[in-house]
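The structure appears right after this line, and notes come after that.
The values are calculated or read from the model by the stated rules, or taken from the named source; none is laboratory data. This one's a predicted model, so the numbers in the text were calculated from it and none came from an experiment. Glycine gets a Cβ as well: all are built from the backbone with ideal geometry, and neighbour counts include every protein chain shown.
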Amino acid sequence: MRRWIILVIALHCCMMVAEQPLSAQVLIDGDLNDPLWQQVPAVKLAPSEEGVPASMGGEVRAVSTGSYLYLGARLPEPSGRVVARSIGVNPMWEGGGEARGMTDARRITYGTPDGEDYIRFVIRVYSENDWMVQVGPLGAYAISWRWTGEREWFTSDPQKCDRFLVASRVGKREWQAEVAIPLDQLGSPRPDYLRLEVERNRAERQGTPDERWRWPDQQPSAAVATLPSTVGTPAPVLKMVLLGNQEQPLEVGWRSSLPAMNSRWTDSDWKDVPSWILHRN
């Protein structure tokens, strides 16, 4: 009887293991709630200078698994208000106070990114180029590269980073960034060839100067953790978070002929055309 009980328990355990699904697909949506992130230890960002509160730095997670490098950041913002204007890919980041005071024409036109909140990941790959991914709270991101050992960064050719997945999300008390990078677009490095450094910029606010944090704080870069890959694990998918008005689009009328190009707004041709007021978003 005892053997039967042991056998039944063993079979039940085997069935439970067999029923475990493959690693879930990671949704790159700026919300670090996927099961993957629960397996990756978080590291704290440390102040880059005196007077910067350590508690506001936030935390970063980085892991290489399967054919992707995953990067995530959770950044405190007690009021839920961020300083961000840029959207899209490779934007012209808003300049900070230092940039506004410069007379150089290029700095006045383009500014520096320090006028906005951002998180910056610098990826160092042994015997390959360095990569930098900078992410803003509203989903803006820029991808740059440089030769190892050089200081100047160059905007990446879109074809060389066309499968980078980047998303961010602003919450009530924090904002998050999430990145997935295919390793083959980094040169297919071995896991121990990947190193990372992270910098957070919190732009100046009324009564508060700009603040910076970084990781690691005692050395230029740190190794990236690795997780064993699971056969059949699906590739991550980008799930965009739409900003702005979510209402249905306005219905546009139709008529067989358009008013003449030289007609005035008060002419009879425009009299029966409905109008509406554009409200500020």
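Quick check on my filter: what residues within region 26-65 are assigned to a strand (DSSP E or B) and within 27 Å of SER188 (Cβ to Cβ)? Selection gives LEU27, ILE28, VAL43, VAL60, ARG61, ALA62, VAL63, SER64, THR65. Where strands (runs of 3 or more DSSP E) fall wholly inside region 166-281, the ranges with 2 or more residues that are modelled with pLDDT under 95 are 225-227.
Looking at the structure I just gave you, is ARG74 in contact with a Gly (Cβ under 7 Å, 6 or more places away or on another chain) and at pLDDT 95 or above? In short, yes.
For VAL89, the stated conditions do not hold, so it cannot be described as among the hydrophobic types (A, V, I, L, M, F, W, C) and modelled with pLDDT of 95 or more.
If you go through region 38-45 one residue at a time, do you hit one that is surrounded by 14 or more Cβ atoms within 10 Å (Cβ to Cβ) and modelled with pLDDT under 90? Within region 38-45, not a single residue is surrounded by 14 or more Cβ atoms within 10 Å (Cβ to Cβ) and modelled with pLDDT under 90.
So that you can scan it fast, the table gives a plain yes or no per residue for (1) surrounded by fewer than 17 Cβ atoms within 10 Å (Cβ to Cβ); (2) at negative phi:
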{"site": "GLY115", "(1), (2)": "no, yes"}
{"site": "TYR118", "(1), (2)": "no, yes"}
{"site": "SER127", "(1), (2)": "yes, no"}
{"site": "MET132", "(1), (2)": "no, yes"}
{"site": "LYS172", "(1), (2)": "yes, yes"}
{"site": "LEU183", "(1), (2)": "no, yes"}
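What residue, of TYR110, TYR141, TYR118, is closer than 30 Å to MET56 by Cα, among the aromatic types (Phe, Trp, Tyr) and modelled with pLDDT under 85? It is TYR110.
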